[in-house]
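Note sheet for the following structure.
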Amino acid sequence: MSAFNETVELEPKPFLRWAGGKNWLIKHLTRSLPALSFKHYHEPFLGGASLFLFLKPQNSSYLSDLNPDLIETYTAVRDNVERVISEMRKYKNNEKFYYSIRELKSKSKIKNAAKFIYLNQTSFNGIYRVNLNGIYNVPYGFRSKEFLDSNNLRLVSQALQGVTLDVNDFASAIKRVKKGDLVFLDPPYTVSHNHNGFIKYNQKLFSLEDQYRLAECIESIKNKKAYYILTNAAHQKISKIFGVLDKKVELNRASLIGGVNAKRGKISEYLFTNIPNLT
């Protein structure tokens, strides 16, 4: 089987497998959101960029995240997609090559972007995880699926033209929101879906205190008369923090991330928004 998928796609789709990715959410928004008139688009927790690629905003867009490797990858795809594709064509989908790339250290933004995409596509469950020293340590995933879709990368590159990409804390990123803008907020989840427990790993990435900070930022967005969409875990603590703000919708999706023994079924997520008639 070839490692490359050359099928021509008409619309860009996420090129990264991202835990908590929101591709599943698009079907809930296809009727109402495209009709919404907004000025600029903001996404402070970039991840897989599902909603941005679905909307393909015509006005200025601002995409940011605290993960510098992620932003470097998007920037390389935006500015040098053919060089990224050329680099990835050298790669192989086998265990030995995977670990050689995982250990590779380079100052080249192109090589680093190619490495990021390759590891994401061939690792176990596409998890982004680093150790205490900041070293990516996810094992090989034994996936047979093609790891490079060059046509889609080109479409994503086109969609990213003119877009501002930067490493930024969400509170700082939201300061540039103006009246009539749309802000999509998809933070790392602090609590487990439909359970009472806290996620220890994500507590380091995005703490309960960060959730309260985010609630304050949403008040700022509303005071600016801008629109927002927030997705978060369906959990009583999250409902208490954000449920007093505006409309709350509970949506179900399939559980896609987990090990061999993980329970994969339907889980719930909350969507909070001040957009009338959304979903």
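Tabulated values for the structure
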| quantity | calculated |
| --- | --- |
| The range 111-140, residues that are more than 19 Å from PRO14 (Cα to Cα) and either among the aromatic types (Phe, Trp, Tyr) or surrounded by 15 or more Cβ atoms within 10 Å (Cβ to Cβ) (or both) | LYS111, TYR136, VAL138, TYR140 |
| One residue from LEU63, LEU51, LEU104, LEU16 being in a loop (DSSP other than H, G, I, E, B) and closer than 18 Å to LEU155 by Cα | LEU16 |
| Filter result (crowded, with 18+ Cβ neighbours inside 10 Å and either of a type outside the set (Val, Ile, Thr) or under 20 Å from GLY141 (Cβ atoms) (or both)) within the range 70-100 | LEU70, THR73, TYR74, ALA76, ARG78, GLU87, MET88, TYR91, ASN93, TYR98 |
| Boolean, GLY48 is out of contact with any Asp or Glu (no Cβ under 6 Å at 6 or more places or on another chain), assigned by TED's automatic domain parsing to the domain that holds GLU250, buried (at least 20 other Cβ atoms within 10 Å of the Cβ) and closer than 23 Å to VAL130 by Cα | yes |
| Tally, over the range 236-253, of residues that are free of Cβ contacts under 8 Å to residues at least 24 places away in the same chain and either surrounded by 16 or more Cβ atoms within 10 Å (Cβ to Cβ) or over 21 Å from the mean Cα position of the chain (by Cα) (or both) | 2 |
| Scope the range 48-63; condition among the small types (Gly, Ala, Ser) and touching a helix residue (DSSP H, G or I) at 6+ places or on another chain (Cβ under 8 Å); matching residues | GLY48, ALA49, SER50, SER61 |
| Test for VAL191: is it buried (at least 19 other Cβ atoms within 10 Å of the Cβ), at pLDDT below 90 and of a type outside the set (Gly, Ala, Ser) | yes |
| Residue list for the range 111-142, restricted to those being modelled with pLDDT of 95 or more and either at positive phi or more than 18 Å from the chain's Cα centre (by Cα) (or both) | LYS111, ASN112, PRO139, TYR140, GLY141, PHE142 |
| Every residue from the range 62-78 that is farther than 12 Å from ASN168 by Cα and either polar (S, T, N, Q) or without any contact (Cβ under 8 Å) to a residue 12 or more places away in the chain (or both) | THR73, THR75 |
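The values are calculated or read from the model by the stated rules, or taken from the named source; none is laboratory data. Note that the structure is predicted; figures quoted are calculated from it, not measured. Positions of Cβ are generated from backbone atoms using ideal geometry, with glycine treated the same way; all protein chains shown enter the neighbour counts.
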